[in-house]
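A short write-up of the structure that comes next.
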Amino acid sequence: MRELIQRLTEAYGPSGNEGPVREVIKKEVRAYVDSIRTDVLGNLIAQRKAAGKRASGLRIMLAAHMDEIGLIATHIDDNGFIRFSNIGYVNPNNVVAQRVVFQNGTVGVVGEERQDAAVVRRLDRMFIDIGAKSRKQAQALVAVGDVAGFHRACQFLGSRVVAKSMDDRIGCAVLVEVMRRLKRSPHHLWFVFTAQEEVGLRGATTAAFDVAPDLGLAVDITGAFDVPEEKPKLPSVLGKGAAIKLKDAGILAHPAVKNLLIDTARKRRIPYQLDILEAGTTDGSAIYKTKSGIPTGVVSVPTRYGHSASEMVDLGDVQAVVDLLVAFLSRDLREMKS
């Protein structure tokens with residue numbers, strides 16, 4: 001999966017501008033599904049029909065979001081410096097002196113106004129420097145409304161990998177690998193690569209309403225609470241396997257789905273751990289609340305340094321998530337209909 005992870009994480013695709021990364025994914029999955037389409041919000045929806053004598057007709061939606069956090073140009077001053085606002089949650093402490101890239105390939109560096117060291121950093125006191133000497137020169141490359149994402153290469157550090165937009169391109173890589181490895185399933189499967197998750201789970205909201213599955217699974221990152229003096233002390237860490245969600249700020253995982261995931265991991269001896277988050281959520285919370293409610297679970301890849309240009313995961317955890325989903329989707333889950 002290394003080459004796939006690299007191509008996905010290095011692709012451009014802030015919320016609402018997922019076109020380039022969507023094209024990368026479309027080329028990867030076309031051979032493994034029965035149909036593929038893009039909806040109004042930009043979700044990529046790939047369907048695979050049930051197969052085999054055990055086909056149950058259960059409709060399962062798996063979701064991983066394509067988009068990444070970004071910056072949108074709001075003003076260009078006389079000297080060519082670009083003021084910006086955030087797209088999704090951008091931590092001011094994670095952006096100063098970072099390189100960003102606009103969709104047309106223009107690269108810039110995030111700077112900030114000189115101020116007292118004790119002052120809390122704020123995005124409205126920052127700017128993007130694209131090397132322009134004037135407003136006219138800058139406007140030849142960037143317009144108000146143009147969107148930038150982090151500009152960083154993906155690098156492998158032994159069994160671990162660091163990249164920008166691991167949130168949630170690693171989930172997209174997992175779904176692609178599941179498609180490759182899952183020869184057949186008794187269920188009708190929708191693999192949904194969602195848009196605009198970082199700005200309010202928007203793609204998953206419309207896609208879940210469209211697909212109307214019997215069961216939902218979100219695949220995303222979660223925090224890895226294992227660095228020195230980490231607070232709070234929460235259960236997921238790097239290297240201990242797939243993280244099966246118990247709760248986060250948007251969902252209490254459906255007990256039946258959660259228990260089936262844990263049971264599958266135990267029976268197949270797939271390394272797993274439990275996941276509790278005090279802040280943040282995933283596409284799972286949007287799927288869960290669709291129509292009259294959809295039984296939903298979440299499987300995550302523990303990640304250090306989330307919402308930064310250097311998000312780190314363990315490849316063993318990624319493999320465990322793939323193994324768990326392949327095993328889960330191979331099971332007869334007809335009891336979920338009752």
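The values are calculated or read from the model by the stated rules, or taken from the named source; none is laboratory data. For clarity, every value in this text was computed on a predicted model and none was experimentally measured. Note: ideal-geometry Cβ built from the backbone for every residue, glycine included; neighbour counts use all protein chains shown.
Residues of the stretch 258-278 being over 20 Å from residue 63 (Cα atoms), in a loop (DSSP other than H, G, I, E, B) and not basic (Lys, Arg), which ones? 270, 271, 278 - these are the residues of the stretch 258-278 that are over 20 Å from residue 63 (Cα atoms), in a loop (DSSP other than H, G, I, E, B) and not basic (Lys, Arg). Filtering 189, 157 for residues that are farther than 17 Å from residue 23 by Cα and out of contact with any Leu (no Cβ under 9 Å at 6 or more places or on another chain) leaves a single hit, 157. Report yes if residue 195 is modelled with pLDDT of 95 or more and surrounded by 21 or more Cβ atoms within 10 Å (Cβ to Cβ), otherwise no. It is true that residue 195 is modelled with pLDDT of 95 or more and surrounded by 21 or more Cβ atoms within 10 Å (Cβ to Cβ).
The single condition among (1) of a type in the set (D, E, K, R); (2) at pLDDT below 95; (3) under 14 Å from the mean Cα position of the chain (by Cα) that residue 283 does not satisfy is (2). Summed over the stretch 165-189, residues that are touching a Gly at 6+ places or on another chain (Cβ under 7 Å) and either of a type in the set (A, V, I, L, M, F, W, C) or farther than 15 Å from residue 223 by Cα (or both) total 3. Here the stretch 56-110 is the region considered, the condition is being free of Cβ contacts under 8 Å to residues at least 40 places away in the same chain, of a type in the set (A, V, I, L, M, F, W, C) and part of a strand (DSSP E or B), and the residue that is surrounded by the most Cβ atoms within 10 Å (Cβ to Cβ) is 110.
Residues of the stretch 287-317 being surrounded by 22 or more Cβ atoms within 10 Å (Cβ to Cβ) and either free of Cβ contacts under 8 Å to residues at least 60 places away in the same chain or assigned to a helix (DSSP H, G or I) (or both), which ones? Across the stretch 287-317, the qualifying residues are 287, 288, 317. Look at residue 29 and say whether it is at pLDDT 95 or above, among the aliphatic types (A, V, I, L, M) and surrounded by fewer than 18 Cβ atoms within 10 Å (Cβ to Cβ). It is false that residue 29 is at pLDDT 95 or above, among the aliphatic types (A, V, I, L, M) and surrounded by fewer than 18 Cβ atoms within 10 Å (Cβ to Cβ).
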